[in-house]
1. In the neighborhood of residue 107, defined by Cβ-to-Cβ distances under 14 Å, what is the net charge if each Lys or Arg adds +1 and each Asp or Glu adds -1?
2. If packing is taken as the average number of other Cβ atoms within 10 Å across a peptide's residues, how do 130-139, 208-217 rank, most packed first?
3. Only helices at least 27 Å long along their own axis, judged from Cα atoms, and with Kyte-Doolittle mean hydropathy of -1.0 or greater: name those in the chain from DSSP H.
4. Tell me, what is the percent relative contact order of the stretch 27-72, built from C-alpha pairs under 8 Å that lie six or more residues apart?
5. Projecting each Cα onto the charge dipole of the chain (Lys/Arg +1, Asp/Glu -1 at the beta carbon, about the Cα centre), which of 126, 15, 48 comes out farthest on the positive side?
6. Which lysines, on any chain, are close to residue 170 with Cα under 29 Å apart, when same-chain ones fewer than 8 places away are left out?
7. Using only the Cα atoms, what convex hull volume per residue in Å³ does the chain have?
8. Could you give the length gained by full extension between residue 48 and residue 195, i.e. 0.36 nm per residue of separation minus their alpha carbon distance, to one decimal place?
Amino acid sequence: MRSIALVTGASSGLGTELVRQLDAGAFGALDEIWVVARSADKLEALAQACATTIRPFALDLTDPASFDVIEDALVENPDTAVALLVNNAGFGTFGAFADSDNVSNAAMVRLLMLAPVELTYRVLPCMRAGSRILNVASVAAFMPQPELAVYAAAKRFVLDFSRALDAELKEVDVRATALCPKFMRTGFLDHAVNDDVLRRMSAVTGFEPVERVAAKALRAARAGRALCIPSPDMKLFYAASKALPYPLALRLERTLMSILER
Ligand SMILES: NC(=O)c1ccc[n+]([C@@H]2O[C@H](COP(=O)([O-])OP(=O)(O)OC[C@H]3O[C@@H](n4cnc5c(N)ncnc54)[C@H](OP(=O)(O)O)[C@@H]3O)[C@@H](O)[C@H]2O)c1
């Protein structure tokens, strides 16, 4: 059986770093890494930079036909077991919902929620005991976030979907890890924020290095942990968001933000 990893959103940021670390052996021996994103040129460059055989899929994961392409490739390779599926592709936009672009909202919902559901469903038959699923959520999933309403709700879906999946699949030793990073300096910020939001984010939570997030995520997935919150301060935020009633947690978060912003 040939062992592969399938990583979405591999053309930049966290996805690229995950592939680099997989290539360096962070998840054990892999025969191939299948990488998915829209930017064919970037996937090709990544393939050139890796020692492991990279199979690029230049696909838009908001298009339902893309899932058929990946499923067909798996069916055409019956000797292939998926050791790791990483549902990572994503983007988010900040701002008031009433002023938001509705086409972009719909794409966000399709990419962040529907794509992981479709891919996981289609890849599962090719998983074996020991296989792992890594679902990239966000600290934005911990509680509803005004000015980030669609993105935060979609990431909450990823978190809950992942944890339920893990509870269901652990019997057959397939484990799902929900990864909740805080801000990372990746292409995500180019789409998501303006300079003012960026300044506020730097002041409030700071950024975590993408290399460290990727390393911790792969370690957690390998160990079969259901939840990975790489940053210690965000573990505290997670505990507070669970312990406090939402209006109080939100007030606390907003007060802290305005103090830190000064
Ligand atoms: N950066 C942060 O602050 C942060 C914090 C928490 C969570 N996250 C999450 O981390 C994940 C990775 O984001 P990142 O920070 O690495 O951002 P990034 O550098 O912008 O990477 C996003 C990736 O998703 C791919 N993608 C976007 N739309 C796609 C589509 N329609 N079809 C297929 N692929 C698509 C992009 O490739 P193409 O453009 O080539 O398609 C790219 O490879 C996302 O799920 C994001 O929500 C990010």
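What follows draws every value from the coordinates through simple rules; no lab data is involved. Here the structure is a predicted model, which is why all the values come from computation and not from measurement. Every residue, glycine as well, gets a Cβ built from its backbone with ideal geometry; the counts of neighbours run over all protein chains shown.
1. Residues close to residue 107 contribute a combined charge of -1.
2. On the way: 130-139: 24.6, 208-217: 19.1.
Averaged packing, sorted descending, gives the order 130-139, 208-217.
3. For the chain, where a helix must reach 27 Å along its axis and average at least -1.0, the hits are 149-169.
4. Relative contact order comes out at 38 percent.
5. Going by the Cα projections, it comes out as 15.
6. Within the straight-line limit of under 29 Å, residue 170 reaches these lysines: 155, 182, 216, 235, 242.
7. Expressed per residue, the convex hull around the Cα atoms of the chain is 121 Å³.
8. Working it through step by step, the gained length comes to 49.5 nm.
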